[in-house]
Amino acid sequence: MHIEVRGLKKQFGDFQAVNDVSFEIEKGHLIGLLGPSGGGKTSILRMLAGLESPSSGDIIFHGKRVNDLPPQERGIGFVFQNYALFKHMTVYDNVSFGLKVKGQSKEFIRERVMSLVELTGLKGFEHRYPHQLSGGQRQRVAFARALAPEPQLLLLDEPFAAIDAKIRTELRTWLKDMIERVGITSIFVTHDQEEAIEVADEIMIINKGRLEQKGSPWEIYKNPQTQFVASFIGESTIVENIERLKGFEEAANWPGTQALIRPEYIEIGKLSEFRLPSATFQGTVKHLHFRGSEWMVEVQVGDIKLITYRSLEKDVLQPGDEVTVLIHRAYLFNDSDTWIMENRLKVDPMPIHI
Amino acid sequence: MKKLWITLTYLVFIILLIIPIIKIFTGAWEEGWDGFVEALSRKQSLHALMMTGIIVVVVTAINTVFGVMLALYLVRAGWIGKRMKQFMNSLVDLPFAVSPVIGGLMIVLLLGPSSIMGAFFEDIGFKVVYALPGMILATLFVTFPLMVREVMPVLQEIGSQQEEAASTLGAYSWYTFWHVTWPSIRWGVIYGVVLTVARSLGEFGAVLVVSGNIMNKTQTATTLVYQDVENFNVIAANSIALVLAAFSVGLLLLMEWAKKRKEVH
Ligand SMILES: Nc1ncnc2c1ncn2[C@@H]1O[C@H](COP(=O)(O)OP(=O)(O)OP(=O)(O)O)[C@@H](O)[C@H]1O
Ligand SMILES: [Mg+2]
């Protein structure tokens, strides 16, 4: 189902929970709503479902305004954060609920439920009650229940929040496959950027009730349009006076500008390892932290502290070591603007033509 | 030390509960089975028991329906303002705070023959005070908080998500109530019914004030016991008290059973 939202607002008392959010979602896409706690993600989802009515703005499904339709008639499936399974019903009755309401025939219900039970890997659990299931199994029952009446849009509110980290990665791959197979437009909420990046076709970053940016995970990572998005996605260090770092002297032209540098944009090593020594400068290793698969290195350059990672395969550094540092690029931002600045010296000053 | 307290507790229990029950029992049996039967088969006894029976049935039915409804509104309705909810919520407790006698008096003052509303009802031939409707009203007043207070916490505990899930699956409120909400609150409601029956069976003060305690007309089992005691008719008083006590014990057992089921689900 094609979805369009225009100027959506929601007020609780005088608190603005959702503020002027507009977006469009193409049929069949899987969208991740990502953002810090209290940002308004659940509120947006609930308004799409009709469980909460917008203070203003339009919600349009398939070109038809649905603001005044009750949840019963919107053709959506909703998976709640803690699943909200009917606790006095068996798995079978939970999944068949939406079909019974519609007055489908017994055989039809049986067939559909059994195929969903099979699809979600719950075969043999049909007669269990929710309290006799594990978290992951409950999640799948909630998923099957939401899918049973063949909704046009699937909404999932932090579907993996209550599941431990290991099964979580497993389940989200499973969910992505499942949604692809069913081919249903879906929106899921998450706190976890890794989850959003891994699963979603497109990510919408929500902060303080506003839609900060919408785009594919790669676009958002590569091209953050606001300071919030840049600092929220990936890791980063904020540098107050970037003009003191080699290759970024131009930043002095914009007074009051700060920079945000991702660890992966910083390279450290011996001077001889760099192809363009002119673009590098010296720093001192301040601390080293072992991070399981790599070292996290804190480097001090003047009064600026930079954070980067270093492969375990390379020489082990010691605190106090002098290292050569190259910064490839930085996000610059001030009150009115954000932009990306490449290391000017990296663009070879004297290109050699062979 | 602990043993002493336990013994003491039992002692208080025996003095306050067991001995009176035995006393009632022996009192009723003072002239044997015949005395008991005779006391109960008096016209006023049968009438009083019937009145009590009618009051219990009607009050329990009304209280159950409206108690559950009010609990649902107080917990779930989004269209009632927060202030209004708080106000209504404290209003529910009013009968707990006000003495039943005062409650009865309020009804007499509001609906008695000398009041405007009472006169109006009297004119259209519907007697409220000193008649069955007033007694039912008085008992309703006294028992009203019981159902609401039983059901509200259950509703709060189960939360509204299951109901919201049902609505996204296409179920409207009536279907949702019977298939999703009711199974969860069922045992709370049954517990509330038992409490209401017990309370309306034993209500004395409010009913006494409203009914005027007219024999064979507006007398209930409890007010008859009171009158029999006044008239030193000890056997009769004990006999009716015994019938009431028997019901209470039955209800107590039912209550225990309902409570257990409530915890299981
Ligand atoms: N019924 C309500 N009444 C008042 N305020 C509310 C209500 N529901 C949500 N809010 C407020 O609206 C804001 C957004 O809430 P919402 O639940 O949408 O956030 P969220 O992004 O889903 O957060 P989380 O990631 O923690 O679930 C919060 O500040 C919350 O306190
Ligand atoms: Mg939320």
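The values are calculated or read from the model by the stated rules, or taken from the named source; none is laboratory data. This one's a predicted model, so the numbers in the text were calculated from it and none came from an experiment. We place every Cβ from the backbone using ideal geometry, glycine too, and count neighbours over all the protein chains shown.
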key: Condition met for A:F78 (over 30 Å from A:S231 (Cβ atoms), within 14 Å of chain B (Cβ to nearest Cβ), within 16 Å of ligand 2 (Cβ to nearest atom) and of a type outside the set (S, T, Y))   = yes
Residue that is surrounded by the fewest Cβ atoms within 10 Å (Cβ to Cβ), among those in region A:244-278 that are at positive phi and assigned to a loop (DSSP other than H, G, I, E, B) = A:G256
note = Scanning region A:140-175 for residues that are of a type outside the set (A, V, I, L, M) and within 16 Å of ligand 2 (Cβ to nearest atom) gives A:D157, A:E158, A:P159, A:F160
ask   = If we keep just the residues of region A:36-50 that are away from chain B (no Cβ under 14 Å) and more than 6 Å from ligand 1 (Cβ to nearest atom), which is nearest to A:R74 (Cα to Cα)?
value = A:I44
inquiry  = Report every pair of residues separated by at least 6 positions or lying on different chains whose Cβ atoms are under 9 Å apart, first residue within region A:15-34 and basic (K, R), second more than 15 Å from ligand 1 (Cβ to nearest atom) and in a strand (DSSP E or B).
reply    = A:K27/A:I3; A:K27/A:T185
message = Between a residue in region B:18-39 that is closer than 19 Å to B:S248 by Cα and any residue that is assigned to a loop (DSSP other than H, G, I, E, B), which pairs come within a Cβ distance under 7 Å, given they are 6 or more apart or on different chains?
response = B:F36/B:W29
task = Could you please tell me which pairs satisfy a Cβ distance under 7 Å, a separation of 6+ or placement on different chains, a first residue in region A:71-89 that is touching a residue at least 40 places away in the same chain (Cβ under 8 Å), and a second residue that is assigned to a helix (DSSP H, G or I) and among the hydroxyl-bearing types (S, T, Y)?
result = A:I76/B:T168; A:G77/B:T168; A:F78/B:T168; A:H88/B:S184
key: Lone unmet requirement of (1) surrounded by fewer than 24 Cβ atoms within 10 Å (Cβ to Cβ); (2) within 14 Å of another protein chain (Cβ to nearest Cβ); (3) β-branched (V, I, T) for B:I136   = (2)
ask   = What pairs come up if the first residue lies in region B:170-190 and is closer than 29 Å to B:K260 by Cβ, the second is of a type in the set (K, R), and their beta carbons are under 7 Å apart, counting only those six or more places apart or on different chains?
value = B:W187/B:R261; B:W187/B:K262; B:G188/B:K262
remark   = Note on region A:138-173: residues over 25 Å from A:G75 (Cβ atoms) and modelled with pLDDT of 90 or more are none
key: Selection within region B:1-48 - surrounded by 11 or more Cβ atoms within 10 Å (Cβ to Cβ) and among the acidic types (D, E)   = B:E30, B:E31, B:E38
task = Select from region A:176-193 the residues that are away from ligand 2 (no atom under 16 Å from the Cβ) and among the acidic types (D, E) and write down the one among them that is farthest from B:L169 (Cα to Cα).
result = A:D177
inquiry  = Whether any residue in region B:165-176 is more than 20 Å from B:G202 (Cβ to Cβ), at pLDDT below 90 and touching a Phe, Trp or Tyr at 6+ places or on another chain (Cβ under 8 Å) is what I want to check.
reply    = no
ask   = For A:S53, which of the numbered conditions (1) away from every other protein chain (no Cβ under 12 Å); (2) surrounded by fewer than 16 Cβ atoms within 10 Å (Cβ to Cβ); (3) away from ligand 2 (no atom under 16 Å from the Cβ) fails to hold?
value = (1)
note = Across (1) more than 16 Å from ligand 2 (Cβ to nearest atom); (2) buried (at least 23 other Cβ atoms within 10 Å of the Cβ); (3) under 21 Å from the mean Cα position of the chain (by Cα), A:N94 clears everything bar (3)
ask   = Looking at B:W182, is it at the interface with another protein chain (Cβ under 10 Å from one of its Cβ atoms) and assigned to a helix (DSSP H, G or I)?
value = yes
query = Can you name the helices (runs of 4 or more DSSP H) wholly within region A:135-243 that have at least 1 residues being surrounded by fewer than 22 Cβ atoms within 10 Å (Cβ to Cβ) and under 17 Å from the mean Cα position of the chain (by Cα)?
reply = A:165-182, A:193-199, A:217-222, A:227-232
ask   = Does region A:134-150 hold any residues that are within 13 Å of another protein chain (Cβ to nearest Cβ) and over 14 Å from A:S96 (Cα atoms), and which are they?
value = A:R138
query = Within region A:288-322, which residues are in a strand (DSSP E or B), without any contact (Cβ under 8 Å) to a residue 24 or more places away in the chain and not polar (S, T, N, Q)?
reply = A:H289, A:F290, A:E294, A:W295, A:E298
